[in-house]
Amino acid sequence: EDYILGKEPAVKRAINKPYGIAVRDGVAYVCDTKGLSVCRLDFRNQSFSVLGVSGPGRLRKPLNIEIDPANYKFVVDAERKQVVVYGPDDQYVSAFDVPPPCHPVDVALYQDELYVLDNDESCQIVVLDRTTGKVLRTFGGPGGEPGKLRIPNSLAASPDGFLYVSDTHNWRIQKLSRTGEPI
């Protein structure tokens, strides 16, 4: 009856399959790998919205997200094989390609560099310029010795500029310099 008379049913807002998360200024951004979007949860204003559901910024498999001090969001999309960039207003800005072969799974930020963790057969970290997306360098590679990786799945940059990699099939966490030297 409400539908016929014009009152629309309430839309159920849910996160279908949460994966990566980042928080800035009381707002949580959650990568939804099944909902193919990034869910924005603003706890102060009690609001829910989504990013990446249409247009050139449409996401296909968002896995992880990083937010810089200027509130730009960098979303690693495994299906697009890119880092998709959204501005402080949550609108699409750009997308940075990760060189093939690639299966990007995580992204970390330190100063003007984006570190993209790639867990395809190359098992490398691709370093991109944060503003242009230009590839600056790569390091890592498959193997078991220090500095080499086997199916890495998570990456973090510390405030002092070190990288920490969850090196899954080597059963370890590796601490690396920003140039890939094992610490």
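The values are calculated or read from the model by the stated rules, or taken from the named source; none is laboratory data. As the structure is a prediction and not an experimental result, all values here were calculated from the model. Counting neighbours? That spans all protein chains shown, and the Cβs are built from the backbone with ideal geometry, glycine included. Remember, those area values only see protein heavy atoms, side chains included, never the ligands or the DNA or RNA. Shrake-Rupley method; radii C 1.70, N 1.55, O 1.52, S 1.80 Å.
Things worth noting here:
- Number of residues in the range 14-47 that are closer than 19 Å to V76 by Cβ and in a loop (DSSP other than H, G, I, E, B): the value is 7.
- Selection count where residues are under 11 Å from the mean Cα position of the chain (by Cα) and within 16 Å of S94 (Cα to Cα), scope the range 28-58: 1
- Test: residue in the range 127-134 that is touching a helix residue (DSSP H, G or I) at 6+ places or on another chain (Cβ under 8 Å) and farther than 17 Å from C39 by Cβ: no
- Condition met for P152 (of a type outside the set (G, A, S), open to solvent by 50 Å² or more (accessible area, probe 1.4 Å) and in contact with a Ser or Thr (Cβ under 7 Å, 6 or more places away or on another chain)): no
- When the range 106-118 is filtered for residues that are buried (at least 21 other Cβ atoms within 10 Å of the Cβ) and at pLDDT 95 or above, the ones remaining, listed by number, are D106, V107, A108, L114, Y115, V116, L117.
- First in the range 92-105 and open to solvent by 70 Å² or more (accessible area, probe 1.4 Å) and among the aliphatic types (A, V, I, L, M), second anywhere and at pLDDT 95 or above and assigned to a loop (DSSP other than H, G, I, E, B), Cβ under 8 Å, 6 or more apart: V93/Y72; V93/G87
- Restricting the range 159-172 to residues that are open to solvent by 20 Å² or more (accessible area, probe 1.4 Å) and either closer than 19 Å to E113 by Cα or under 19 Å from the mean Cα position of the chain (by Cα) (or both), the residue that is modelled with the lowest pLDDT is T168.
- Candidate set from the range 119-149 (those that are farther than 19 Å from V84 by Cβ and either among the basic types (K, R) or touching a residue at least 40 places away in the same chain (Cβ under 8 Å) (or both)); member that is surrounded by the most Cβ atoms within 10 Å (Cβ to Cβ): G140
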